[in-house]
Structure formats: structure tokens, C-alpha cells
Amino acid sequence: MSVRLENHPDTERGDIASIEAQAERARETVLTAQFTLRGAMDSLVIPAEAPPTRADRLWEHTCFEAFIRPVGSTSYLELNFAPSRAWAAYRFDDYRAGMRNAALSAPLRLERVDAPNAVKLEIAVDLAGEPNFPAHSDWRIGLSAVIESANASKSYWALAHPSERPDFHHADGFALDLPARG
């Protein structure tokens, strides 16, 4: 399913034309996602592409994010993907509580595609290593992005902005249903 992310009303969109995202379950425990950022790339901070590597604090710069919660659970995952192809995965027990590295292997796919005035990331992640993500559970997800401009300002994009300040962890931001397969 393709969706358009919306800029938080308290942040400037700058030279960003749009951010589109797609997410689906390719297999019972595999999330696939795609993020496409369109705009004046020369006015945005887009890190150079590099080999995929796990890294922390990606949200401090341009990155795309997926928040995934099994329906009926308070625990959730936060997945971060930078255009450099750095990635991170964190597990939370509840709203912003109990943050730790998730027991996930490197993404099955983390590809970057550059085009005039656009950059796209294509992602596939297997969540089978996480004990709170049984294959038969339905998922609620939030898709989001932090985009850094050359002037050091940031804009915050998501499916939904349920609070006054950007907060991708807010339960009401998990606005997309991904039912179990089969």
C-alpha cells in the first residue's frame, strides 16, 4: 500500500516536494518498505551511499523509520534507515520505555536508488528474531522520516501526527494495519 507522509505542522517542509512510503508483509515475519523523497536534493543533507552497517542515533540526521507493534501488545520495534544505508533496530517494552537493541540481523535488502530530484530506499527486514513478533500476529505500523536541510533545520514526516510536537512513538501514529498473512 502506498501512502504519503505528512510534514508536522510545526516544522518547515523546506524544499521537499513529497515523501511517499509503501509497506507490506512479504512473508509472515518479513516487512518490506520503500521510501521515496522528492525535492531539491542540493538543499537537503543526504549522506553518501556506503555499505550497510548498523549504527546508532540515525534520527539526528536524514533517515526513514518504521515503528511496528503487534496488535494487542505494548511492545514495539523502531527501525531506522539512512540514505547512507546505515540502519538501526530498537525494541521498546512500552511507550519510550525499555529501549534496547533489537535482536535482528542485518536487513535482507537495503538498496538506494538515486534519480533527478529524488532518492529512494528499498528495505526488507525479517523480524523472526524478535520474540514478541509471532508470525500469526497482526501488526500496526507507523512510517516516518526525519529530513535535515542544508541550513541545519529538520522536518518531521509521518502517516499521522497525534501530538503537538513530533512524536513517532505515539500509539496513534501507528496508523497502518498489516494483517498476518494467510
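What follows is calculated from the coordinates using simple rules that are stated; it is not laboratory data. Treat the numbers as computed from the prediction; the structure is a model and nothing was measured. So basically every Cβ, Gly included, is an ideal-geometry build from the backbone, and we count neighbours across all protein chains shown.
Descriptive notes on the structure:
- Test: residue in the stretch 135-147 that is among the hydrophobic types (A, V, I, L, M, F, W, C), within 15 Å of the chain's Cα centre (by Cα) and over 17 Å from A23 (Cα atoms): yes
- Exactly one residue out of G72, G39, G98 is buried (at least 17 other Cβ atoms within 10 Å of the Cβ), on the phi > 0 side of the Ramachandran plot and either of a type outside the set (V, I, T) or under 17 Å from the mean Cα position of the chain (by Cα) (or both), and it is G39.
- The requirement of being more than 19 Å from E130 (Cα to Cα), over 15 Å from the mean Cα position of the chain (by Cα) and crowded, with 17+ Cβ neighbours inside 10 Å is satisfied by L44.
- Scanning the stretch 93-128 for residues that are hydrophobic (A, V, I, L, M, F, W, C), assigned to a strand (DSSP E or B) and within 19 Å of A50 (Cα to Cα) gives L110, V113, A115, A118, V119, L121, I123, A124, V125.
- Subset of the stretch 129-161 that is in a strand (DSSP E or B) and among the aliphatic types (A, V, I, L, M) - its residue that is surrounded by the most Cβ atoms within 10 Å (Cβ to Cβ): L143
- Whether a residue is surrounded by fewer than 17 Cβ atoms within 10 Å (Cβ to Cβ), free of Cβ contacts under 8 Å to residues at least 40 places away in the same chain and farther than 13 Å from L37 by Cβ was assessed, and P179 does not pass this test.
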